[in-house]
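The values are calculated or read from the model by the stated rules, or taken from the named source; none is laboratory data. Just so it is clear, the structure is predicted and the values come from calculations on it, not from any experiment. Here the Cβ positions follow ideal geometry from the backbone for every residue, glycine too, while neighbour counts run over all protein chains shown. We work out accessible area using only protein heavy atoms, side chains counted, and drop any ligands, DNA or RNA first. Shrake-Rupley method; radii C 1.70, N 1.55, O 1.52, S 1.80 Å.
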Amino acid sequence: MKKHVAVLLGGFSAERDVSLRSGAACAKALAEQGFRVTPVDVDRNVGQVLAELKPDVAFNALHGPYGEDGVIQGVLEMLRIPYTHSGVLASALAMRKDRARDVLKAAGVPVAEGVSVDRLTAARAHVLPPPYVVKPLAEGSSFGVLIVHQDHVHPPQELTREDWAYGDEVLVERYVAGRELTCAVIGDKAYDVIEIKAADGGWYDYNAKYAAGGSSHELPANLKQNIYHFVQELTLKAHKALGCRGVSRADFRYDDRPGGTGDLVILEVNTQPGMTATSLVPEIAAHAGLTFGELVKWMVEDASCDR
């Protein structure tokens, strides 16, 4: 009998569109791998839907709050449905950028200087000397991220908007110039490192991440061998420090400019990286000889419950 996989997609976070694309791609690939697949567009009745559906495995293709912050993982634990990616604690911890930052720093993974503050406090006065970056504490895909450059006299007033949808606390971190790097863990192995360059020469924002031609990827990244291996080492260390399982992706900034600081810092760990046509983990896996179908099949076979 074919294993029945429920692909959880959509949801109701700001990353719904990304999740729909990730989920559709994964559902198609899993069906081609011989699984019986049921896509589930997640709403607040998802527990009832899954209890009635009784899948063998849940493939979690959700992104953002409720999908990768431990909430849906807790529902799946209660229903005793094995699921892909990280468990409740690792998911919740990685999603909270300030808490994850504390754990990573304690584990010896370098982070940029930063502080968590109320968004209105961050709007009244610079809480760090510019340049710095303002990030919502629990969002992905660059939603709500603001870069404050050296020449900005005033802090970002977008933080005062009535329609601000990204929470009342923000993480403010020193801006690290230089190169954007990313590396993935699949199982217990750190794979190759990609350098990402936004097509418009700016930073790696939502459009650069998901629009066709929005960025170019150099794989493997052109780095000195010791730096390349150090990125892989830090990626695996971060994965383990947060208690991740399955697949994760760590993002870094590396300032190797002439006269630069030489800093290599982690930005965040993604416990549920995108699985779209332009996503980085499928590209990294393909470079290692693992097709998209083989990757998602492995993820289903790796699925489990924490408890």
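Dipole magnitude for segment 114-174: computed about the Cα centre from +1 point charges on Lys and Arg Cβ and -1 point charges on Asp and Glu Cβ, it is near 180 debye. For the chain, averaging the sequence separation of C-alpha pairs within contact (under 8 Å, six or more residues apart) and dividing by the residue count gives a relative contact order of 21 percent.
If R0 equals 35 Å, the separation of the Cβ atoms of Arg44 and Glu158 corresponds to a calculated FRET efficiency of about 0.75. Each residue, His126 and Ala288, gets one label point 7 Å from its Cα in the Cβ direction; the gap between the two is 4.2 nm.
Solvent exposure of Arg161, expressed as accessible area, is near 120 Å², computed with a probe of 1.4 Å over the protein chains only. Calculated on the alpha-carbon coordinates, the convex hull of segment 241-307 measures out at 117 cubic angstrom per residue. Where only DSSP H runs of four or more residues are counted, the chain gives -9500 deg cm²/dmol as its mean residue ellipticity at 222 nm, each run worth -39500 (n - 2.57). Annotation for segment 217-256: trypsin sites (Lys or Arg not before Pro) lying in DSSP loop with at most 13 further Cβ atoms inside 10 Å of their Cβ are Lys224. With respect to the cross-link table entries Lys97/Lys189; Lys2/Lys240; Lys97/Lys240, which display a Cα-Cα separation exceeding 27 Å? The pairs that break the limit, which is 27 Å between Cα atoms, are Lys2/Lys240. Pairs of alpha carbons in the chain separated by more than 31 Å make up 28% of all such pairs.
The GNM of the chain, with springs linking C-alpha atoms under 10 angstrom apart, assigns the highest mean-square fluctuation among Leu242, Leu146, Leu93 to Leu146. Shape verdict for segment 114-174, please, from the Cα gyration tensor: rounded (a/c under 1.5), prolate (a/b greater than b/c) or oblate. The shape class here is prolate.
Net charge dipole, segment 4-84: roughly 180 debye, given to the nearest 20, about the Cα centre with Cβ charges of +1 for Lys and Arg and -1 for Asp and Glu.
Could you tally the net charge around Leu181, taking each other residue with its Cβ under 9 Å from the Cβ of Leu181, Lys/Arg +1 and Asp/Glu -1? Surrounding charge for Leu181 is -1.
Per the Kirkwood formula applied to alpha carbons, segment 85-147 shows a radius of gyration over Rh ratio, Rg over Rh, of 0.99. Label-to-label distance for Tyr175 and Asp188 is 4.2 nm, based on points extended 7 Å past Cα in the beta-carbon direction. Excluding the sites themselves, what is the longest stretch of the chain that contains no GluC sites (Glu not before Pro) in a DSSP loop with at most 16 other C-beta atoms within 10 Å? Segment 163-307 is the longest.
GNM on the chain, C-alpha springs below 10 Å: top fluctuator among Met275, Met95, Met78? Of the options given, Met78 has the highest mean-square fluctuation.
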